[in-house]
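Peer 1: Structure below; questions to follow.
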Amino acid sequence: MGLAKGDTYGIKRGDGSRKLWQDVLSGMARFALKAAPHVAQAGKPEVAIVLPQSLQLSVFNRYALEAQQKCVRALYHHARATAYVAGEYQIDLLGDPKLIILPSRGS
């Protein structure tokens, strides 16, 4: 089932009237369009996180999720760094980062 032409993804009410936050979304869209040329120069982060897919697909997947959450929180909240991810089965997508993080639950 596809979206009908002119579908607004819930931005408008069923009767077609505007929701209160429609102006906010419109302003964000205008900002994104104006900012786009300035972010085109953004490069790939120098840190990569390798996701433990084998653990995610096992009965211990909650440990994989916990390790990933702690890894991302430590990296973003404490180290103020950015990263990209690659699964352990997609190592060819890893590229050449300066730092590779392998999330582990530890003890």
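The values are calculated or read from the model by the stated rules, or taken from the named source; none is laboratory data. In this text, all values refer to a predicted model and were calculated from it rather than measured experimentally. Counting neighbours? That spans all protein chains shown, and the Cβs are built from the backbone with ideal geometry, glycine included. For the accessible areas, the whole protein counts, side chains as well, though only heavy atoms, and no ligand, DNA or RNA atoms are used. Shrake-Rupley method; radii C 1.70, N 1.55, O 1.52, S 1.80 Å.
Peer 1: If you go through segment 77-100 one residue at a time, how many are outside any strand (DSSP E or B) and open to solvent by less than 90 Å² (accessible area, probe 1.4 Å)?
Peer 2: Residues meeting the conditions: 10.
Peer 1: OK, next. Among the residues of segment 89-103, write down those that are at pLDDT 90 or above and in contact with a Leu (Cβ under 8 Å, 6 or more places away or on another chain).
Peer 2: Ile100, Ile101
Peer 1: Being β-branched (Val, Ile, Thr) and free of Cβ contacts under 8 Å to residues at least 12 places away in the same chain is the filter; apply it to segment 15-71 and report the residue that is surrounded by the most Cβ atoms within 10 Å (Cβ to Cβ).
Peer 2: Among them, the one singled out is Val24.
Peer 1: For segment 42-76, give me each residue that is of a type in the set (Phe, Trp, Tyr) and assigned to a loop (DSSP other than H, G, I, E, B). Break it down into steps so the answer makes sense when it comes.
Peer 2: Let us first name the residues in segment 42-76 that are of a type in the set (Phe, Trp, Tyr), namely 60, 63, 76.
Across segment 42-76, the qualifying residue is only Phe60.
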